[in-house]
Amino acid sequence: MKKGDIIIILLVVIISIGGMTFVNKVSIDMDKKYVVINVENKIVDKILIDNKTEGIYKFEFNNEDGYVEVKNGRARMLEMDKRICPRKICSEIGWIDKKYQSIVCLPNKILVKIESV
């Protein structure tokens, strides 16, 4: 192999990796992400999340109120009163932003998850 052959091979490899990275990034960005709030296995709210969506969204369960905060393309469950959710595990999970992540509050049968379309 000559020096020119090695340079061509390296260029092809670099361009291939760059192309794969670009296609992967574009395909991820094209998916619309939603925060889906389920209470007792029923969807009570579905919120589009992107970098522009911000706010605190209220939902009802068992005559109580729960809150989900959406900011910078991610979501989290805000802390509830200790009498409603004694261990506060759901609020301690923190922010979620990927399809495989979810927040579960077992005592109140609440599931907050990320879905994409």
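What follows is calculated from the coordinates using simple rules that are stated; it is not laboratory data. Because the structure is a prediction, the values reported are computed rather than measured. Neighbour counts are summed over all protein chains in view; Cβ atoms, including those assigned to glycine, are modelled from backbone coordinates with ideal geometry.
Report ³J(HN,Hα) in whole Hz for each residue of segment 32-37, in order, from the Karplus equation J = 6.51 cos²θ - 1.76 cosθ + 1.60 where θ = phi - 60°; Gly and Pro get x.
Working through the residues one at a time gives 7, 9, 10, 8, 10, 9 Hz.
Taking the Cα centre of segment 46-117 as origin, work out the dipole magnitude from +1 charges on Lys and Arg Cβ and -1 charges on Asp and Glu Cβ, in debye rounded to 20.
On the way: 14 positive and 11 negative charges, 44 e Å.
Roughly 220 debye, rounded to the nearest 20.
So what is log10(I(q)/I(0)) for segment 47-87 at q = 0.16, 0.25, 0.26, 0.29 1/Å, when the Debye sum runs over its Cα atoms only?
Values, matching the q order: -0.45, -0.82, -0.85, -0.96.
Which residue, D97, D50, D81, has the most motion in a Gaussian network model of the chain that connects Cα atoms within less than 10 Å?
D81
Pull up all non-local amide H partners of F61: gap of 5 or more, or a different chain, and H-to-H distance under 5 Å with H placed in the peptide plane.
Under 5 Å from the amide H of F61: G66.
Among the GluC sites (Glu not before Pro) within segment 31-78, which fall in a DSSP loop and have no more than 13 other Cβ atoms within 10 Å of their own Cβ?
In loop regions of segment 31-78 (DSSP not H, G, I, E or B), the sparsely surrounded GluC sites (Glu not before Pro) are E40, E54.
With labels modelled as points extended 7 Å from the Cα through the Cβ direction, what inter-label distance (nm, one decimal) is found for N51 paired with I14?
Modelled inter-label distance: 2.7 nm.
Of the options V35, S116, S16, report the single residue whose Cα projects farthest towards the positive end of the charge dipole of the chain (beta-carbon charges: Lys, Arg +1; Asp, Glu -1).
Selected residue: S16.
Within segment 61-105, which trypsin sites (Lys or Arg not before Pro) sit in a loop by DSSP and count at most 14 neighbouring Cβ atoms inside 10 Å?
K82, R83, R87, K98, K99
Please state the relative contact order of the chain as a whole percent: Cα pairs under 8 Å, 6+ residues apart?
Reported relative contact order: 23 percent.
Gain in length, V117 to E69, computed as 0.36 nm per residue apart minus the alpha-carbon separation, to one decimal in nm?
Extending this stretch completely gives an extra 15.2 nm.
So if a site counts as exposed when it's one of the chymotrypsin sites (Phe, Trp or Tyr not before Pro), its DSSP state isn't H, G, I, E or B, and it has at most 16 other Cβ atoms within 10 Å, what's the longest stretch of the chain without one?
Counting at most 16 other Cβ atoms within 10 Å as exposed, the longest clean stretch of the chain is 1-94.
Anyone know which of V36, V44, V70 comes out most mobile in the 10 Å Cα GNM of the chain?
V44
Among the Cys residues of the chain, which have no other cysteine Cβ under 4.7 angstrom away?
C85
Can you run phi through the Karplus equation (6.51, -1.76, 1.60; θ = phi - 60°) for segment 87-96 and list ³J(HN,Hα) in whole Hz, with x for Gly and Pro?
8, 6, 5, 4, 7, 7, 4, x, 7, 10
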